[in-house]
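Right, one structure below, let's go through it.
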Amino acid sequence: LIVFDQLSWLDFAKNLRNTYEGSVAKKPGVAPKPPSNAPRVFLCYASEDREQVEQLNQRLRTAGIDTWQDKQNLRAGDNWDRQLVHVVEKLVDYVVVVQTQAMTSQVEGYFYKEIDAALERQKRFATGFRFVLPVTLSTCEGMARLHDLHNIRLYEPSGFANLIDAVQTDWQRRQGQVVKRA
């Protein structure tokens, strides 16, 4: 419904903004923005799983966890290779590796480089703190390079809650420690 009233530019802008924000909040598939102090998760996945990972992305954001995903965060002109490694090294607090049959059956994939960068950064964390969080969306063999890390099975009834708990518990512990990003 469009109503034409004589408004000041400021009132017009406020009404326009409120109408826009109301329509975005009502759209299905648009997750709320997490708080500014929320932990930030990098989603590492095989491109074949993009649709399922997008659903995971929205669930994480709804749960108050910020995400970094190539589809949403890369900009035109970014050096993809350099940017993704920079993100893992400097801009995120966790890397969630979404293991699926599509990922584990590939001999070559860019996600291997992302995982290696994440595992390298994890070496700089104190014992007992998390950085790399392997998850599976369905029953499949996990990746050999992640076999030492506990895998969260998102397809189980408590799987998503376990992932949220792992991030939030670790994040709270980190807030009590001095966190230094190299």
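The values are calculated or read from the model by the stated rules, or taken from the named source; none is laboratory data. Owing to the predicted nature of the structure, the values given are computational and were not obtained by experimental measurement. Here the Cβ positions follow ideal geometry from the backbone for every residue, glycine too, while neighbour counts run over all protein chains shown. Keep in mind that these areas ignore ligands, DNA and RNA; they rest on the heavy atoms of the full protein, side chains included. Shrake-Rupley method; radii C 1.70, N 1.55, O 1.52, S 1.80 Å.
Being in contact (Cβ under 8 Å) with a residue 40 or more places away in the chain, over 19 Å from the mean Cα position of the chain (by Cα) and open to solvent by 40 Å² or more (accessible area, probe 1.4 Å) is the filter here; which residues of region 129-141 pass it?
none
Scan region 123-166 for residues that are touching a helix residue (DSSP H, G or I) at 6+ places or on another chain (Cβ under 9 Å), within 18 Å of Y112 (Cα to Cα) and basic (K, R) and report the count.
Of the residues in that region, 1 qualify.
Which residue is nearest to the chain's Cα centre (by Cα), if the candidates are limited to region 97-128 and must be open to solvent by 50 Å² or more (accessible area, probe 1.4 Å) and of a type in the set (A, V, I, L, M)?
The qualifying residue nearest to the chain's Cα centre (by Cα) is A126.
Of the residues A25, A63, which single one is modelled with pLDDT under 70 and touching a Pro at 6+ places or on another chain (Cβ under 9 Å)? Lay out the reasoning, then the answer.
Values: A63 fails: modelled with pLDDT under 70.
Unique residue meeting the criteria: A25.
Answer yes if at least one residue in region 118-139 is outside any loop (DSSP other than H, G, I, E, B), small (G, A, S) and either modelled with pLDDT of 95 or more or on the phi > 0 side of the Ramachandran plot (or both), and no otherwise. Give the derivation first.
Here is the first cut: in region 118-139, the ones outside any loop (DSSP other than H, G, I, E, B) are 118-122, 132-136.
Now narrow it down to the ones that are small (G, A, S): 118.
This time we only want the ones that are either modelled with pLDDT of 95 or more or on the phi > 0 side of the Ramachandran plot (or both), so: 118.
There is at least one residue in region 118-139 that is outside any loop (DSSP other than H, G, I, E, B), small (G, A, S) and either modelled with pLDDT of 95 or more or on the phi > 0 side of the Ramachandran plot (or both).
For Q72, state whether it is at pLDDT below 90 and loosely packed, with under 12 Cβ neighbours inside 10 Å. Let's see the steps before the verdict.
Values: at pLDDT below 90: yes; loosely packed, with under 12 Cβ neighbours inside 10 Å: yes.
Yes: the conditions hold for Q72.
Among the residues of region 48-63, which ones are open to solvent by 50 Å² or more (accessible area, probe 1.4 Å), touching a residue at least 60 places away in the same chain (Cβ under 8 Å) and either closer than 18 Å to I115 by Cα or out of contact with any helix residue (DSSP H, G or I) (no Cβ under 9 Å at 6 or more places or on another chain) (or both)?
Q52
Which one is surrounded by the most Cβ atoms within 10 Å (Cβ to Cβ), of the residues in region 152-165 that are in contact (Cβ under 8 Å) with a residue 12 or more places away in the chain and closer than 19 Å to I65 by Cα? Write out each step before concluding.
Keep residues of region 152-165 that are in contact (Cβ under 8 Å) with a residue 12 or more places away in the chain, which gives 152-155, 159-160, 163-164.
Narrowing further to those that are closer than 19 Å to I65 by Cα: 152-154, 159-160, 163-164.
Details: I152: 20, R153: 17, L154: 21, G159: 15, F160: 18, L163: 23, I164: 16.
Here the residue is L163.
Looking at region 114-152 only, could you name the residues that are over 17 Å from A46 (Cα atoms) and basic (K, R)?
Listed by number, the residues that qualify are R121, K123, R124, R130.
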